[in-house]
Amino acid sequence: MVTHMAIISSIGTSVPRHRFSQSEAKQFISQYTNESLQKYLAVFDQAAIDTRYFAADREWLHSENKLSDRHQLWFEEGLNLAQEAVENCLGNYDQSLEIDAIISVTSTGILTPSFDAHLINELQLSSSIKRMPMFGLGCAGGAIGLARAYDYLKAHPDESLLLVCCELASTAFHPRDLTKKDIVGAAIFSDGAAAVLLLGANHDLVKQSEGCTVQINTTDSKLLPDSLDVMGWDVKDDGFHVVFSQKIPRLVNSFWAPQVQEFLERNNLTQNDLNFVVAHPGGKKIIEQLEDIIPDLLKLDTAKSVLRQFGNMSSPTVLFVLQSYINQELKQGDKGLLTALGPGFSSEILLLEVI
């Protein structure tokens, strides 16, 4: 057994109350789409998504919101959503459980103090908790948060760490300033939050645990040089506007695949040694590219299911996929990858094992 590791002890998720079917979302967007952009509405039908959830209601989405309005929505709804995810994560633990460190991840809300400080107060966590807020990681944020949690717990094997990811893509919706990329974004992105409790190898709860659980054995980070324009935000007076390139799916093959091969070789593994892949479902085309690279054995059904039910929630999405996998029957000794791509252009890979 790997001695330097992090145990994934519990995961909690939450979505906001406003539910849109994909057909409802398409109809909503069509009101603001001029004749030259109408053809791009087909992306709603091709996205392999059935439903999504948003913190903003229809009236808010119809409005011309200022940056301050968008900030207020994140402050009120985002924090509530993050708190609900944490409560769902920690609900089965004794209230005496002390959280030693917290990593908070978002790319859609700018708060100072950062949103982990608000959660610490609301949840009455330890005033001595170590804080690591992260911003700007986009869709890779959930995987990067797990990887940095692993790094921390290697150095502090007696401690616990809470990872919280929260994104409100609806705060970046601009109905009266639509471009092609905005329509694509409106067809796939959504809101959600997830929290993960991770434990160091020597934590008391690890010794008390029964049954199978999942541990992180090692991680790998990769940044593609000169690719800052592939994915991110364009910041204007009225808030964030989405930036993403059509070449993202192609980068799965040219950028991600070599990283995976090198990662497996470094850990004396081959694709045949993998039993599962927990992938961030950035979109239908990205999933198809991943399946082409790792065929047959790993059809990414769990990632597809999360995309269909929730859309792309950015950083929390891979944690929804991980939760869904863990809720299935685990087989001791199974090994798998957790992977996500994000702005930078970046890739994070983690080696998981069921113990």
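Numbers below:
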{"read-out": "Neighbours by Cβ (under 7 Å, 6+ apart or cross-chain): first from the stretch 118-141, open to solvent by less than 90 Å² (accessible area, probe 1.4 Å); second of a type in the set (Asp, Glu)", "value": "SER126/GLU98; ILE129/ASP100; LYS130/ASP100; PRO133/ASP116; ALA140/GLU348"}
{"read-out": "Residue in the stretch 309-320 that is surrounded by fewer than 24 Cβ atoms within 10 Å (Cβ to Cβ), modelled with pLDDT of 90 or more and either among the hydroxyl-bearing types (Ser, Thr, Tyr) or part of a helix (DSSP H, G or I) (or both) present", "value": "yes"}
{"read-out": "Answer from ASP182, ASP158, ASP177 - the residue that is farther than 30 Å from LEU307 by Cβ, open to solvent by 10 Å² or more (accessible area, probe 1.4 Å) and of a type in the set (Asp, Glu)", "value": "ASP158"}
{"read-out": "Unmet requirement for ARG17, which otherwise passes all of (1) modelled with pLDDT under 95; (2) over 30 Å from ILE120 (Cα atoms)", "value": "(2)"}
{"read-out": "Filter result (over 23 Å from ALA55 (Cα atoms) and at pLDDT below 90) within the stretch 151-184", "value": "LYS180"}
{"read-out": "Selected residue (criterion: nearest to ARG52 (Cα to Cα)) from residues of the stretch 185-208 that are touching a Ser or Thr at 6+ places or on another chain (Cβ under 9 Å) and open to solvent by 10 Å² or more (accessible area, probe 1.4 Å)", "value": "PHE189"}
{"read-out": "In the stretch 322-355, the residues that are open to solvent by less than 40 Å² (accessible area, probe 1.4 Å), among the charged types (D, E, K, R) and more than 14 Å from the chain's Cα centre (by Cα)", "value": "ASP334, GLU353"}
{"read-out": "Any pair with Cβ under 8 angstrom, 6 or more apart, that starts in the stretch 199-211 at a residue that is under 14 Å from HIS156 (Cβ atoms) and ends at one that is surrounded by 14 or more Cβ atoms within 10 Å (Cβ to Cβ) and modelled with pLDDT under 90", "value": "LEU199/LEU205; LEU199/VAL206; GLY200/VAL206; ALA201/HIS4; ALA201/MET5"}
{"read-out": "From the options GLU59, GLU84, GLU77, residue that is more than 25 Å from GLU24 (Cα to Cα), open to solvent by 40 Å² or more (accessible area, probe 1.4 Å) and of a type in the set (Asp, Glu)", "value": "GLU84"}
{"read-out": "Subset of the stretch 1-22 (residues that are surrounded by fewer than 15 Cβ atoms within 10 Å (Cβ to Cβ), part of a strand (DSSP E or B) and of a type in the set (S, T, N, Q))", "value": "SER21"}
{"read-out": "Scan of the stretch 62-78 for residues that are under 28 Å from ALA303 (Cα atoms) and either touching a strand residue (DSSP E or B) at 6+ places or on another chain (Cβ under 6 Å) or not acidic (Asp, Glu) (or both), ordered by number", "value": "TRP74, GLY78"}
{"read-out": "Pairs, first more than 12 Å from ALA187 (Cβ to Cβ) and outside any helix (DSSP H, G or I) in the stretch 23-45, second open to solvent by less than 80 Å² (accessible area, probe 1.4 Å) and not hydroxyl-bearing (Ser, Thr, Tyr), C-beta under 6 Å, six or more apart", "value": "TYR32/PRO175; TYR32/LEU178"}
{"read-out": "Boolean, TYR93 is assigned to a loop (DSSP other than H, G, I, E, B) and closer than 25 Å to LEU352 by Cα", "value": "yes"}
{"read-out": "Residue match in the stretch 192-207 (condition: at positive phi, over 22 Å from the mean Cα position of the chain (by Cα) and not charged (D, E, K, R))", "value": "no"}
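Each row is one residue, and each column tells you yes or no for (1) open to solvent by less than 70 Å² (accessible area, probe 1.4 Å); (2) under 30 Å from LEU67 (Cα atoms); (3) touching a strand residue (DSSP E or B) at 6+ places or on another chain (Cβ under 7 Å); (4) aromatic (Phe, Trp, Tyr).
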{"position": "ASP238", "(1), (2), (3), (4)": "yes, yes, no, no"}
{"position": "GLN259", "(1), (2), (3), (4)": "yes, no, yes, no"}
{"position": "THR270", "(1), (2), (3), (4)": "no, no, no, no"}
{"position": "LYS285", "(1), (2), (3), (4)": "no, no, no, no"}
{"position": "ASP292", "(1), (2), (3), (4)": "no, no, no, no"}
{"position": "ASP301", "(1), (2), (3), (4)": "no, no, no, no"}
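The values are calculated or read from the model by the stated rules, or taken from the named source; none is laboratory data. Since this is a predicted model, take the numbers as computed values, not measurements. Counting neighbours? That spans all protein chains shown, and the Cβs are built from the backbone with ideal geometry, glycine included. With ligands, DNA and RNA removed, areas are computed over all heavy atoms of the protein, side chains included. Shrake-Rupley method; radii C 1.70, N 1.55, O 1.52, S 1.80 Å.
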